Amino acid sequence: MAAPDAKPKVEAPAYREFPTIPALQPEAMAGSNPYVAADKHNEAIGFPGALVEGWEQKAIAKMGELLGKYRSLRVYMDSCVHCGACTDKCHYFIGTGDPKNMPVARQELMRSVYRRYFTLPGKLFPGLVGARDMTKDVLDDWFRYYNQCSECRRCSVFCPYGIDTAEVTMAAKEIMHSVGLGHKYVNEIIGKVHKIGNNLGLPGPALEDTLQGLEEDVKEDTGADVRYPLDVKGAEVLLVTPSADFFAEPHVESLIGYGKVFHAAGISWTLSSAASEAGNFGMFIGSYDQMRKIAMRVREAALELGVKRIVVGECGHAWRVAYSFWNTLTGIGAGANDPFAVELQKQLDPNYKQPSHICEVTWDLIRQGRLKFDKSANDHRIITFHDSCNVARGSRMGDDPGGQFDIPRAIIKAVANNYVEMARGTTREKTFCCGGGGGLLTDELLDLRVKGALPRMEALKAVADGKGVNFMATICAICKAQFTKVLPFYGFKMGMVGGVHQLVSTAIQLGNEQ
Amino acid sequence: MSLLFAILFYVAALVLVVGVAYRIREFARTPAPLLIPTTPAPTSTGGVALRMAREVVLFESLFKSNLWIWAFGWLFHMGLFLVLARHLRYFTEPVWSWVALIQPFGIYAGFAMAAGLAALWARRFLVERIRYISTPSDHLMLALLLGIAATGLAMKFLMHTDIVAVKAFFLGLMVFDIQPLPAHPGLYVHLLLVALLMIVFPFSKLLHAPGIFFSPTRNQADNPREARHVAPWAAKLEQQ
Ligand code: SF4
Ligand code: SF4
């Protein structure tokens, strides 16, 4: 692993005239070096500081434990037939040509070890079934290539058995953590969320200042007294949003939009300084424990503030955790009969989905005719929508399967006149990851991120050239940050990406217009 | 020889049944702590059953994924299914009427199966990506299946064997009454390979057959906000 000051070289691949499957370029990304977490970052979140004595046996023992705890891992280790259907589905493979970025090959990094220690043929005839001992070389490959998977689940859509490489990556990361090998970027962030309340390490007073500043800006822009409240007890809605929304561009434009929606609909709401982060990087490292601890902050804030509804802002993986896992982890949801979950569920209003996505809230209000828009305010934009992977393949909105695709699009069409779809095969459940998800949104992996964005950039280029698209809306903080950074490598302006509620914000009428 | 084959088949059947039952029990007993269906997913159990049926019968995801693999894979599996059904006549007396009905189709199916296998095997050599991920055992598995298909077809068309005696042998096996097996090299090879396949089944990637029914991304309903789902080991965390 390189010293932290080694400058990674960053190169955008050329657009392909015909998007054929790339020829293999073995070891093309073997030089990708995620920074190893320092001992204080590992220890702060309960893992050994550095690679432990006897890590080989400990890693195998951990794998055994996980095989007993996760049916996904157990079934997926046994079921792959090497059919190859997934081989060309990963954006990192498409962008890099490195065969170890083919989903099945990524799984095989772990499966080869699984075979060796947990199956009879692997114990007897390792060469025959491609089984390997757990060695330092194998571990290094794990660290390199499991940190080249954004856990986007695109491969799981296409596998005949639904094998989800993200589950394998998460298990691999959990095993690596358990023996003291963590990724600096992610572990530092998890540390911050526990210590300060959000991923960006923005303390309460600074947050309050920021929100006050927003109120002034919005007042100046619109003349309306839109509030951005913090820690208000008895508010109806607790909004939990990615902390990037508080000051990063273009994220903050969407936060402004949420506030305007609540203002226009007359719904009382609040943010929480203790739970000022929707993101949950615990998922990225496959740690149930960390994911639960991080989610628990939201439960505690909801109980403390006495809110009736919990709403999640524009963040992809956060919405997956909120929608799919919060009920399991913290009881935020409905239908429970155990005392732990009932305590919270009896406080929450059963007339609303718990938790709700901000897009569900806005769309419901639009359908009820409670929001007014001047669509022409968005006329300078020709808009397309990038489905974020965790929303697309790991969650839902509304009552029907696929609502996670239809609702954001319906909102865009309700607030703007010019909407264009990107090519089929690159949207909805087949969407391509932005290239920065899964805890890879860090500078030392920029080369990987740029290359992984290739399929999305090609789809965008087609509609930009053909239909004049100049705005790509998305509902994920990581997508927004990632695109802002990589768009220029492909010849686009970085301001081209923004949130759905940024569009809402532009068009919404706040009732004081002349 | 008859006795050897009888013993072989008892062992193979035992390994297959006990082995697969053991692996299925392992799959079933391992909890799925989080809801991870690949969405959009059905929201009800009925919907899940339908999704699973489409996966198992039509290979829906594979169809979306790669038409070549889908076509060859489906050809092989459906061929295999019909061939297996056709072979039921060696185990039933009187032969069930639907088994009698499909006998002629079973023969075409044998060719379809062999063709599908050959094409899948060719891909393992010709497509660079699939060559990269193929292990020796992948090739051996295809050789084994193709060997079974080839010897079976050969006995039908090139070197007939006394199938009445074969049937008597298997009917006898089922009631522990060992009957003479015709001395026929093609038959010996065919049966040997079949027994081998039965024995490796529980230890190999053939587990994908039961595996798919336990795949959480495919067998879970998408209802996390409506019902609370907690695995036993995770529930313990709440009692601390
Ligand atoms: S989950 Fe996404 S990033 Fe990971 S292997 Fe699959 S397609 Fe690639
Ligand atoms: S599609 Fe599924 S079964 Fe086929 S190689 Fe990929 S992971 Fe294995």
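The values are calculated or read from the model by the stated rules, or taken from the named source; none is laboratory data. If you're wondering where the values come from, they're calculated on a predicted model, not measured in any experiment. Heads up, the Cβs are rebuilt from the backbone with ideal geometry, glycines too, and the neighbour counts pull from every protein chain shown.
Quick check, is B:Gly106 more than 10 Å from every other protein chain (Cβ to nearest Cβ), over 30 Å from A:Gly402 (Cα atoms), in contact with a Lys or Arg (Cβ under 6 Å, 6 or more places away or on another chain) and in a helix (DSSP H, G or I)? Spelling it out, B:Gly106 is indeed more than 10 Å from every other protein chain (Cβ to nearest Cβ), over 30 Å from A:Gly402 (Cα atoms), in contact with a Lys or Arg (Cβ under 6 Å, 6 or more places away or on another chain) and in a helix (DSSP H, G or I). The residues listed here are B:Ala115, B:Ala100; of these, the one that is more than 9 Å from chain A (Cβ to nearest Cβ) and surrounded by 15 or more Cβ atoms within 10 Å (Cβ to Cβ) is B:Ala115. Among the residues of the range B:207-224, those identified as without any contact (Cβ under 8 Å) to a residue 24 or more places away in the chain and surrounded by fewer than 20 Cβ atoms within 10 Å (Cβ to Cβ) are B:His208, B:Ala209.
Restricting the range A:474-514 to residues that are in contact (Cβ under 8 Å) with a residue 60 or more places away in the chain and of a type in the set (S, T, N, Q) leaves a set whose member that is surrounded by the most Cβ atoms within 10 Å (Cβ to Cβ) is A:Thr474. Scanning the range A:120-151 for residues that are at negative phi, of a type outside the set (A, V, I, L, M, F, W, C) and within 15 Å of ligand 1 (Cβ to nearest atom) yields A:Asp141, A:Arg144, A:Tyr145, A:Tyr146, A:Asn147, A:Gln148, A:Ser150. Screening the range A:35-93 for helices (runs of 4 or more DSSP H) wholly inside it with 3 or more residues that are among the hydrophobic types (A, V, I, L, M, F, W, C) and within 16 Å of ligand 2 (Cβ to nearest atom) returns the ranges A:71-79. Could you go through the range A:200-217 and let me know if any residue there is farther than 25 Å from A:Ala473 by Cα and touching a Pro at 6+ places or on another chain (Cβ under 9 Å). Within the range A:200-217 (the criterion being farther than 25 Å from A:Ala473 by Cα and touching a Pro at 6+ places or on another chain (Cβ under 9 Å)), the answer is no, since none of the residues qualifies. Can you tell me how many residues within the range A:73-90 are within 16 Å of ligand 1 (Cβ to nearest atom) and among the aliphatic types (A, V, I, L, M)? Selection size over the range A:73-90: 3. Before we move on, is A:Ala318 outside any loop (DSSP other than H, G, I, E, B), in contact with a Gly (Cβ under 7 Å, 6 or more places away or on another chain) and without any contact (Cβ under 8 Å) to a residue 24 or more places away in the chain? Considered against the rule, which asks whether it is outside any loop (DSSP other than H, G, I, E, B), in contact with a Gly (Cβ under 7 Å, 6 or more places away or on another chain) and without any contact (Cβ under 8 Å) to a residue 24 or more places away in the chain, A:Ala318 comes out as no.
Filter the range A:413-456 down to residues that are of a type in the set (Ser, Thr, Tyr) and either within 16 Å of the chain's Cα centre (by Cα) or part of a loop (DSSP other than H, G, I, E, B) (or both) and give me whichever is surrounded by the most Cβ atoms within 10 Å (Cβ to Cβ). Looking at the filtered set, the residue picked out is A:Thr431. Within the bounds of the range A:197-212, is there any residue that is in contact with an Asp or Glu (Cβ under 8 Å, 6 or more places away or on another chain), at positive phi, away from ligand 1 (no atom under 16 Å from the Cβ) and more than 14 Å from chain B (Cβ to nearest Cβ)? The answer is yes, given that some residue of the range A:197-212 is in contact with an Asp or Glu (Cβ under 8 Å, 6 or more places away or on another chain), at positive phi, away from ligand 1 (no atom under 16 Å from the Cβ) and more than 14 Å from chain B (Cβ to nearest Cβ).
Screening B:Leu158, B:Leu171, B:Leu193 for residues that are out of contact with any Pro (no Cβ under 9 Å at 6 or more places or on another chain) and surrounded by 16 or more Cβ atoms within 10 Å (Cβ to Cβ) leaves exactly one candidate, B:Leu193. Report yes if some residue within the range B:36-44 is surrounded by 15 or more Cβ atoms within 10 Å (Cβ to Cβ) and assigned to a helix (DSSP H, G or I); otherwise report no. No, every residue in the range B:36-44 fails to be surrounded by 15 or more Cβ atoms within 10 Å (Cβ to Cβ) and assigned to a helix (DSSP H, G or I). Is it the case that A:Gly95 is more than 9 Å from ligand 1 (Cβ to nearest atom) and either facing chain B (nearest Cβ under 7 Å) or in contact (Cβ under 8 Å) with a residue 40 or more places away in the chain (or both)? Taking the combined requirement at face value, the residue satisfies it.
For the condition assigned to a helix (DSSP H, G or I), in contact with a helix residue (DSSP H, G or I) (Cβ under 9 Å, 6 or more places away or on another chain) and within 16 Å of ligand 1 (Cβ to nearest atom), A:Leu109 qualifies. I'd like the residue in the range B:63-77 that is within 22 Å of B:Phe111 (Cβ to Cβ) and crowded, with 20+ Cβ neighbours inside 10 Å and, out of all such residues, is nearest to ligand 2 (Cβ to nearest atom). It comes out as B:Ile69. Applying the criterion of being assigned to a loop (DSSP other than H, G, I, E, B) and among the hydroxyl-bearing types (Ser, Thr, Tyr) to the residues of the range A:114-141, the residue that is farthest from ligand 2 (Cβ to nearest atom) is A:Thr135. Is one or more of the residues making up the range B:67-74 outside any helix (DSSP H, G or I) and not aromatic (Phe, Trp, Tyr)? Within the range B:67-74, none of the residues are outside any helix (DSSP H, G or I) and not aromatic (Phe, Trp, Tyr). Report yes if some residue within the range A:50-64 is at pLDDT 95 or above, within 14 Å of another protein chain (Cβ to nearest Cβ) and over 24 Å from the mean Cα position of the chain (by Cα); otherwise report no. Among the residues of the range A:50-64, at least one is at pLDDT 95 or above, within 14 Å of another protein chain (Cβ to nearest Cβ) and over 24 Å from the mean Cα position of the chain (by Cα), which makes the answer yes. Of the residues A:Asp399, A:Asp387, A:Asp465, A:Asp406, the single one that is touching a residue at least 12 places away in the same chain (Cβ under 8 Å), more than 16 Å from ligand 2 (Cβ to nearest atom) and acidic (Asp, Glu) is A:Asp387. Could you go through the range A:223-243 and let me know if any residue there is in a helix (DSSP H, G or I) and either hydrophobic (A, V, I, L, M, F, W, C) or free of Cβ contacts under 8 Å to residues at least 24 places away in the same chain (or both). No: zero hits.
Set side by side, the residues A:Ile175, A:Ile163, A:Ile190 differ, and just one is within 16 Å of ligand 2 (Cβ to nearest atom), within 30 Å of B:Pro37 (Cβ to Cβ) and in contact with a helix residue (DSSP H, G or I) (Cβ under 8 Å, 6 or more places away or on another chain), which is A:Ile163. Checking A:Arg111, A:Arg144 one by one, the residue that is within 14 Å of ligand 2 (Cβ to nearest atom) and closer than 24 Å to B:Tyr132 by Cβ is A:Arg111 and no other. Answer yes or no: is there a residue in the range A:342-357 that is farther than 22 Å from A:Thr241 by Cα, at the interface with chain B (Cβ under 10 Å from one of its Cβ atoms) and either in contact with a helix residue (DSSP H, G or I) (Cβ under 7 Å, 6 or more places away or on another chain) or among the aliphatic types (A, V, I, L, M) (or both). Checked against the condition, which is being farther than 22 Å from A:Thr241 by Cα, at the interface with chain B (Cβ under 10 Å from one of its Cβ atoms) and either in contact with a helix residue (DSSP H, G or I) (Cβ under 7 Å, 6 or more places away or on another chain) or among the aliphatic types (A, V, I, L, M) (or both), the range A:342-357 yields at least one hit.
If you go through the range B:212-230 and keep only what is in contact with a Pro (Cβ under 7 Å, 6 or more places away or on another chain) and either in a loop (DSSP other than H, G, I, E, B) or more than 7 Å from chain A (Cβ to nearest Cβ) (or both), you end up with B:Gln220, B:Ala221, B:Asp222.
The criterion of being out of contact with any strand residue (DSSP E or B) (no Cβ under 6 Å at 6 or more places or on another chain), of a type in the set (A, V, I, L, M), in a helix (DSSP H, G or I) and more than 9 Å from chain A (Cβ to nearest Cβ) holds for B:Val189. When each of B:Arg51, B:Arg25, B:Arg89 is tested for being among the basic types (Lys, Arg) and out of contact with any helix residue (DSSP H, G or I) (no Cβ under 8 Å at 6 or more places or on another chain), the lone residue that passes is B:Arg25.
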